[in-house]
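The values are calculated or read from the model by the stated rules, or taken from the named source; none is laboratory data. Note that this is a predicted model, so its numbers are computed, not measured. Ideal geometry is used to build each Cβ from the backbone, glycine not excepted, and the neighbour counts take in all protein chains shown. Heavy atoms of the whole protein, side chains included, go into the accessibility calculation; ligands, DNA and RNA do not. Shrake-Rupley method; radii C 1.70, N 1.55, O 1.52, S 1.80 Å.
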Amino acid sequence: FVIKDYQKYIDYAVIALFIGLVVITFVLWLKNGKDRPVVETVEFYPPEDLNSAELAQVYKGEVRGQDVTSVLIYLANKGYLKIKEEDKKGLISTYKAITFVKLKEYDGENYSEKTFFDGIFKYGDEVPISKLEDRFYVTQGKIVNHINSKKNIEKVIDKKSRKSKTITTVFEFLVLIVTCLTLGMATGDISNSLFSLPFVICSLAMIKAGVGFFKKKEAGGIVVGAMLIFMSFCFFCSSQTMVLVESDGFSSADWLVLGIGVVSIILLIIFETIMPARTEYGTKMLGK
């Protein structure tokens, strides 16, 4: 019994598997991933008295450290602190020195606002911004973890759609691994694919990181994301092409496995990106 004698049938079975996984993902998206229509309403105040960081979580589905920074302006607007800016002389030129001044104690019950306020003024009633550098990230992390709690995320993002997204991610790695192993069998030496597998998995991780940069919708992020995705696909395709070229008897079916494998991964990544759907509450808040 020689696996290579049955390679053509294995190739066709793998191609059918890839197509099946994409079809299943498409069905999951139709069932769990399609967003409800958003009805925009005219609002003069933040809905449900949410602060700026909480609004970021409702709007984007999750909050990041840079979103938490906006709470500083929010608290200043509420009269809890003021931001003092002064011109100071340096060795070569003048520079802007920023100091946060406490006006009154925080008397609210919001965890993120209290944690932010206490994190700034733990060093006194007047705190220069330089004193918070390389320190305040701990406070930011606490607030991010609190707002991005499972309870809050499930309130905005549908639980079934999140599970479907996880399933899609598993499908991506499955397609990648099966492609590598199948092409390794085409050479008659599967050890080649086993050796390259960790590097190919890293290429998928780079692609997903690139998609993450794209989602930030910033000019620099889009450039970095595009570069990561392009480099990752080049690495994956070139590594698997070398496996086939080194084979004495690679067939058109082997090349088809590579091509459909790449297309399948692209489609799965697209579905994974658009899969998370908002709950009824999340859709309503997005409209507001």
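Starting from 0.36 nm per residue, how many nanometres of slack lie between Val138 and Tyr281 once their C-alpha separation is accounted for? Can you show the working numbers first?
Working: separation 143, 0.36 × 143 = 51.48 nm, distance 3.07 nm.
Full extension of this stretch gives 48.4 nm more.
Using a cut-off of under 19 Å, list every residue of the stretch 12-45 whose amide N is near the label point 7 Å from the Cα of Ile274 along the Cα-to-beta-carbon line.
19-39
What accessible surface, in Å², does a 1.4 Å probe find on Tyr95, ignoring ligands, DNA and RNA and rounding to the nearest 10?
Number for this one is 120 Å².
Arrange the peptides 137-149, 254-266 so that the one whose residues have, on average, the most other Cβ atoms within 10 Å appears first.
254-266, 137-149
Keeping all protein chains in place and using 1.4 angstrom, which order do Thr115, Thr94 fall into by accessible surface area, from largest down? Write down the numbers at each step before the final one.
Working: Thr115 25, Thr94 90 Å².
Per-residue accessible area, sorted high to low, gives Thr94, Thr115.
Between Glu48 and Glu154, what length comes free when the chain is fully extended (0.36 nm per residue of separation minus the Cα-Cα distance, one decimal in nm)?
That works out to 36.4 nm of additional length.
Taking θ as phi - 60°, what are the ³J(HN,Hα) couplings along the stretch 24-39 by the Karplus curve (6.51, -1.76, 1.60), each to the nearest whole Hz, with x for Gly and Pro?
With coefficients 6.51, -1.76 and 1.60, one gets 4, 4, 4, 5, 4, 5, 4, 7, 10, x, 7, 6, 6, x, 8, 9 Hz.
Loop only per DSSP, at most 16 neighbouring Cβ atoms within 10 Å: give me the chymotrypsin sites (Phe, Trp or Tyr not before Pro) in the stretch 10-46, ordered by residue number.
The qualifying sites are Phe44.
Taking H as built 1.01 Å from N, whose amide H comes closer than 5 Å to the amide H of Ile157, not counting residues under 5 places away?
Placed amide hydrogens put Thr279 under 5 Å from Ile157.
Residues with beta-carbon under 14 Å from that of Ile143, excluding Ile143: net charge, scoring Lys, Arg +1 and Asp, Glu -1?
Values: positive: Arg64, Lys114, Lys142; negative: Glu54, Glu62, Asp67, Glu113, Asp118.
Once positives and negatives cancel, what remains is -2.
Which whole-Hz couplings ³J(HN,Hα) result when phi for each residue of the stretch 79-86 is put into the Karplus expression 6.51 cos²θ - 1.76 cosθ + 1.60, θ = phi - 60°, listed in order with x for Gly and Pro?
Working through the residues one at a time gives x, 7, 8, 10, 10, 9, 10, 10 Hz.
Can you compute the FRET efficiency between Ile177 and Ile19 using 1/(1 + (r/R0)^6), with r the Cβ-Cβ distance and R0 = 22 Å? Round to the nearest 0.05.
On the way: r = 17 Å, r/R0 = 0.77.
In this case the efficiency is close to 0.85.
Within straight cross-link reach of Lys131, meaning Cα distance under 26 Å, which lysines are found once same-chain residues fewer than 8 apart are removed?
Cα-Cα hits under 26 Å: Lys78, Lys82, Lys84, Lys88, Lys89, Lys96, Lys102, Lys104, Lys114, Lys122, Lys142.
Run the simple label-point estimate for Arg36 and Asn110 please: 7 Å along Cα→C-beta, distance reported in nm.
Each label point is offset 7 Å from its Cα along the Cβ direction, giving 2.5 nm.
Phe26 versus Ile201, label points 7 Å from Cα toward the beta carbon: distance in nm?
3.0
Measure of size requested: the Rg and Dmax of the stretch 116-172, with Cα atoms as the atom set and Å as the unit; please supply both.
18.0, 54
At 25 °C and 0.890 mPa s, what whole-number value in µm²/s does Stokes-Einstein give for the translational diffusion of the stretch 1-144, with Rh from the Kirkwood sum over Cα pairs?
Estimated via Stokes-Einstein, D reaches 122 µm²/s.
Need the full-extension length gain, Ala97 to Glu62, defined as separation in residues times 0.36 nm minus the C-alpha distance. One decimal, nm.
9.4 nm
Hey, what do the phi angles of the stretch 59-70 turn into as Karplus ³J(HN,Hα) couplings, whole Hz, using 6.51/-1.76/1.60 and θ = phi - 60°, x for Gly and Pro?
Coupling constants for the stretch 59-70: 6, 9, x, 7, 10, 10, x, 5, 5, 5, 4, 5 Hz.
How would Ser232, Ser70 line up by accessible area, probe 1.4 Å, largest first?
Correct descending sequence by accessible area is Ser70, Ser232.
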